[in-house]
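Report on one structure; see the data block that follows.
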Amino acid sequence: MFEFSVIGGKTARDIISRSRPDIVREVRETYLTHGDGDSVNPDSYFLRFPDKPDSRIIALPAYLGGKHGLAGIKWIGSFPGNIDNGVPRASAALLLNDYATGYPFALLEASQISAARTAASAVLAAEQLTGGRTARRLTVVGAGIIARNILEFFAAQQWTVDQVIVHDRSPEYGEALSAFVRNSIGYPARTSDDLRPAVDGADVVVFATTAGKPYVLDPAAFAPGQVVLNISLRDLGPELIHGAYNIVDDVEHCMKADTSPHLAEQKYGHREFITGTLAQHIRGTAVTGPDKPVIFSPFGLGVLDLAVGAHVYRAAQESGEAIAIEDFFGETTRW
């Protein structure tokens, strides 16, 4: 009851790298548990700064039932200016709480966990929405850490990909990710300086940028049947959303903070363009087809952080990689 452990980022990264298929299964199961209502996932709280309008620190509290029965909170900072100094944009910590007592039992470095749950949900959605694990062309827009993690999860899920196209507004970042894909993942990869030819003909398009407002505005930007993973949530104009099948992780969560679906709701005054959630698609109650583009927009649920965090915690305990903090709690009896 009074044990407390710390798990660092290197340990988390090592555990994730050797168990990515397990994490995809955890994320799938968590979506279904959440869809069944056996979770509590309040709105995220955004701490913003008057002199840094592009930066924020977000609190994501959650409870996850099912086989887990635990609560917790992720505290994640997003400071895009870090990129200019060669530092990752995001940093995070995850606190896990025992559901029976409310006592915290672990603190985990969570930028790795957050990236993994984002990547796992993206690849799960790609598999679900394409109906397979094959892409002649996979285009990635945004050459950052999230994009790298997503591609690592595609490979871990044994996708067959004939070619990866990387587009980034900074050519050096695009080439760095392209080289990583060729040398470390094994997919053929090249960069494209122009977005439109990078997207045209791709079976799957992944947006993983730091965009704050839409810049892809042409309603005909995507072809019927093309699967678009709108991971960064704000790249696509409302007209594109309105003309597509739209799968989200949670409707209420996705319809806020000026995400692309939220902008579409504001523009058109309804939510009828939302096809359903990924859990509903898995269960067959939300159906997409080849007559329109299919867009997956995940807001990012705290319950996913709990599931992946719990997986990392268990693995670290089993391997002896968790660091126990003796006498973390100052008082363990009332009197």
(message) Using only DSSP helix segments of four residues or longer, with each worth -39500 (n - 2.57), what per-residue ellipticity at 222 nm results for the chain after dividing by its residue count and rounding to 500?
(response) -10000 deg cm²/dmol
(request) Please give, to one decimal in nm, the separation of the simple spin-label points placed at residue 252 and residue 182, each 7 Å out from Cα toward the Cβ. (result) 4.9
(request) Place the peptides 162-174, 97-109 in order of packing, highest mean first, counting for every residue the other Cβ atoms within 10 Å and averaging per peptide. (result) 162-174, 97-109
(request) Only Lys, Arg, Asp and Glu count, each charged at its Cβ (+1, +1, -1, -1), so figure out the dipole size of the chain about its Cα centre, rounded to 20 debye. (result) 380
(request) Give the shape of region 110-188 as rounded, prolate or oblate, defined through the alpha-carbon gyration tensor: a ≥ b ≥ c are the square roots of its eigenvalues, a/c under 1.5 means rounded, and otherwise the shape is prolate if a/b is larger than b/c and oblate if not. (result) oblate
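Between residue 134 and residue 17, 0.36 nm times their residue separation minus their Cα-Cα distance comes to what?
So the chain would gain 40.0 nm between residue 134 and residue 17.
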(request) Determine ³J(HN,Hα), in whole Hz, for all residues of region 182-187 in sequence, where each value follows from phi through the Karplus function 6.51 cos²θ - 1.76 cosθ + 1.60 and θ = phi - 60°; x replaces Gly and Pro. (result) 5, 8, 9, 9, x, 7
(request) Mind checking the full-extension length gain between residue 100 and residue 327? Use 0.36 nm per residue of separation minus the Cα-Cα distance, one decimal, nm. (result) 79.7 nm
(request) State, to one decimal in nm, how far the label point of residue 217 lies from the label point of residue 334, with both points 7 Å from Cα in the Cβ direction. (result) 6.4
(request) Show me 23-30, 281-288 ranked by packing, highest mean number of other Cβ atoms within 10 Å first. (result) 23-30, 281-288
(message) Placing +1 on the Cβ of each Lys and Arg and -1 on the Cβ of each Asp and Glu in region 130-297, which of 143, 188, 160 has its Cα farthest towards the positive end of the resulting dipole?
(response) 160
(request) Taking 7 Å along the Cα-to-C-beta vector as the label spot, tell me the residue 48-residue 2 distance in nanometres, rounded to one decimal. (result) 4.4
(request) For residue 166, enumerate residues with amide H under 5 Å from its amide H, sequence gap 5+ or separate chain, H modeled in the peptide plane. (result) 140, 190, 191, 192
(message) I'd like the antiparallel share, as a percent to the nearest 5, of DSSP beta bridges with both residues in the chain.
(response) 50
(request) Order by neighbour count: 297, 78, fewest other Cβ atoms within 10 Å first, most last. (result) 78, 297
(request) Would you mind calculating the gained length between residue 40 and residue 57 on full extension (0.36 nm times residue separation, minus the Cα-Cα distance), in nm to one decimal? (result) 4.0 nm
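Read-outs: derived from the displayed coordinates by stated rules, not from any lab. In this text, all values refer to a predicted model and were calculated from it rather than measured experimentally. Every residue, glycine among them, receives a Cβ derived from its backbone with ideal geometry; neighbour counts consider all protein chains shown.
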